[in-house]
Amino acid sequence: MRSDDIPANAGAVLTVDLDAVAANWHLLAARAAPHADCAAMVKADAYGLGAEQVGPALAKAGARVFFVATLDEGIRLRRAIAQEIGVLEGPRPASEGEFRAQKLTPVINSLDQLARWRSSGGGRAIVHVDTGMSRLGLSETEVETLAAEPTRLESVDLAWVMSHLVSGEVQHDPDNALQLARFRSALAKLPKAKASLANSAGIFLGSAYHFNLVRPGAALYGLAPVDHSPNPMRTTVKLEAEILTVRWIADGRSVGYNAQWRANRLTRIATVGVGYADGYLRSLTNRGRGYIAGRSIPLVGRVSMDLVTFDVTDLPEAECRPGTMVTLMGPELPPDALGALAGTNGYQMLTGLSRRYARRYLGSAA
Ligand SMILES: *Cc1c(COP(=O)(O)O)cnc(C)c1O
């Protein structure tokens with residue numbers, strides 16, 4: 001019912017299986033081999049799982065290149081691993097020195113960023129070209145400028161030229177081939193360098209998308225890399241929380257704020273100490289599900305800040321008592337499925353996991 005290694009004062013526990021994360025990395029690395037290396041995307045605290053734990057576990061598994069979104073994330077990850085760390089935002093003015101001090105590899109997203117990197121000393125950098133996302137990266141015009149004025153890259157050691165897919169998870173989306181063509185055209189204009197295009201989904205679009213480095217995030221953490229297709233990845237997280245109280249309520253009684261659910265029979269309600277302040281989204285109101293010993297229980301009423309309520313009338317009383325653990329996310333209900341119930345995706349369910357959960361790391365790298 002409650003594992004021995006869960007702290008006695010913890011009512012909600014997030015278990016992260018680092019062996020499953022490592023196994024997912026191996027599966028993706030094998031798909032990218034032999035031509036492409038497999039990096040690890042550990043931005044947003046390794047998608048909520050904890051970069052300080054996931055980083056070293058993946059380094060041990062063999063990952064040699066890591067990516068984060070921001071300089072601060074890079075600085076924190078640098079304390080945990082010695083491998084290369086690319087920073088997707090690249091340096092803002094005057095932070096170039098910090099990149100060098102921390103041995104972080106900037107991702108250059110504009111000619112202005114490139115000029116600053118050069119004037120601050122140059123060296124190893126990744127150049128991002130925009131092939132359709134229209135967020136970060138050099139525009140086609142900026143790539144033309146760079147091609148016409150190659151001195152702009154003088155003293156810059158071009159580690160990779162990269163781009164990012166718009167809808168790689170939709171296998172037949174015409175944007176994929178279009179971006180591939182635009183990426184190849186940009187590569188042809190720039191000095192010869194290694195290249196990187198694929199996120200998790202891109203790895204499953206075939207070897208034409210692999211180039212020299214793939215950059216999976218989601219799939220490492222167990223999210224499905226391809227829409228409408230069986231998920232080959234292992235689930236890496238389990239979220240469990242304890243029942244605080246159980247009560248019988250009469251036919252017609254409401255549950256929770258604003259009486260968003262009303263009993264239509266004599267009903268047993270179990271209250272669990274997790275809420276939207278934990279990233280358990282309020283949109284799961286009347287739509288979420290929990291599991292007790294593999295049996296599904298419907299979430300009823302509004303998700304509140306620290307509490308959720310389940311209808312446990314159909315379960316034997318002995319199996320749902322104060323102290324019983326309810327699984328809120330895990331193999332029975334993976335983050336993708338919970339995200340679908342909440343009207344969002346698995347990425348948001350993972351990155352929203354609060355620091356309030358007691359965290360337990362399993363696996364040989366834990
Ligand atoms: C987040 C991100 C990735 C990883 O994407 P997933 O879909 O999580 O695999 C790769 N490249 C860039 C530039 C990203 O921002």
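Before moving on, here are some points about what is shown:
- Among Leu328, Leu158, Leu239, residue whose mean-square fluctuation peaks in a GNM of the chain (springs only between Cα atoms under 10 Å): Leu158
- Here, the chain yields an orientationally averaged convex hull projection of 19.8 nm² when only Cα atoms define the hull.
- Label zone at Arg356 (point 7 Å along Cα-to-Cβ), backbone N below 14 Å, the range 279-304: 279-282, 303-304
- Between the range 317-337 and the range 245-302, the alpha-carbon center distance in angstrom: 13 Å
- Among Ala23, Gly122, Ser167 the positive-end extreme of the charge dipole of the chain (Cβ point charges): Ala23
- Cα centroid of the range 39-85 to Cα centroid of the range 143-210, whole Å: 23 Å
- Note on the chain: antiparallel DSSP beta bridges, both residues inside, total approximately 50 percent of the bridges counted.
- Taking amide H positions as modeled 1.01 Å from N, with prolines and chain starts lacking one, the residues under 5 Å from Leu213 and 5 or more places away or on another chain are Asp37, Ala195, Leu197.
- Taking the Cα centre of the range 1-144 as reference, the dipole from Cβ charges on Lys and Arg (+1) and Asp and Glu (-1) amounts to some 340 debye.
- Shape class for the range 19-221, computed from the alpha carbon gyration tensor (a ≥ b ≥ c): oblate, with a/c not under 1.5 and a/b at or below b/c.
- Counted residue by residue at 0.36 nm each, then reduced by the alpha carbon distance between them, the extension gain from Leu178 to Arg282 reaches 33.6 nm.
- Stokes-Einstein translational diffusion, the range 271-328 - Kirkwood Rh over all Cα pairs, 0.890 mPa s, 25 °C, in µm²/s: 216 µm²/s
- Each of Ile81, Ile126, Ile75 has some number of other Cβ atoms within 10 Å of its Cβ, and from fewest to most they run Ile75, Ile81, Ile126.
- Of Ala51, Ala337, Ala208, farthest towards positive along the dipole that unit charges on Lys, Arg, Asp, Glu beta carbons give the chain: Ala51
- Rounded, prolate or oblate (a/c below 1.5 giving rounded, otherwise prolate when a/b exceeds b/c) for the range 237-333 by Cα gyration tensor: oblate
- Taking amide H atoms as placed 1.01 Å from N in the peptide plane, the amide H of Thr131 lies under 5 Å from those of His164, each 5 or more residues away in sequence or on another chain.
- Selection among Ala8, Ile75, Thr324 by position relative to the dipole of the chain gives Ala8 as farthest towards the positive end (Cβ unit charges, Cα centre).
- Dipole magnitude for the chain: computed about the Cα centre from +1 point charges on Lys and Arg Cβ and -1 point charges on Asp and Glu Cβ, it is near 360 debye.
- The HN-Hα couplings worked out from phi for the range 306-319 by the Karplus form 6.51 cos²θ - 1.76 cosθ + 1.60 (θ = phi - 60°) are 10, 9, 9, 10, 10, 8, 10, 4, 7, 9, x, 3, 5, 9 Hz, whole numbers, x standing for Gly and Pro.
- Highest GNM mean-square fluctuation among Ala148, Ala80, Ala318, for the chain modelled with Cα contacts below 10 Å: Ala318.
- J(HN,Hα) series, the range 125-140, from Karplus relation 6.51 cos²θ - 1.76 cosθ + 1.60, nearest Hz, glycine and proline x: 7, 10, 9, 9, 10, 7, 10, x, 6, 6, 10, 10, x, 5, 6, 4
- Amide H contacts under 5 Å for Tyr280, placed H, 5+ residues apart: Gly275
- Charged side chains reduced to their Cβ positions (Lys and Arg at +1, Asp and Glu at -1) give the range 266-337 a dipole of some 160 debye around its Cα centre.
- The ranking of Glu52, Glu96 by Cβ neighbour count inside 10 Å, starting from the fewest, reads Glu52, Glu96.
- Comparing mean-square fluctuations of Asp130, Asp157, Asp278 from a GNM of the chain with C-alpha springs under 10 Å, the top value falls on Asp157.
- Listed values for the range 15-28 are Karplus-derived 3J(HN,Hα) couplings in whole Hz (6.51 cos²θ - 1.76 cosθ + 1.60, θ = phi - 60°), namely 9, 10, 9, 5, 5, 5, 4, 5, 5, 5, 4, 4, 4, 5, and x replaces Gly and Pro.
- Neighbour-count ranking [beta-carbon atoms within 10 angstrom, fewest first] of Val127, Val87, Val156: Val156, Val87, Val127
Throughout, read-outs are computed from the coordinates displayed, never taken from laboratory work. What you are looking at is a predicted structure, and each value in this text was computed from that prediction instead of being measured. All Cβ positions, even for glycine, are placed from backbone atoms using ideal geometry, and neighbour counts span all protein chains on display.
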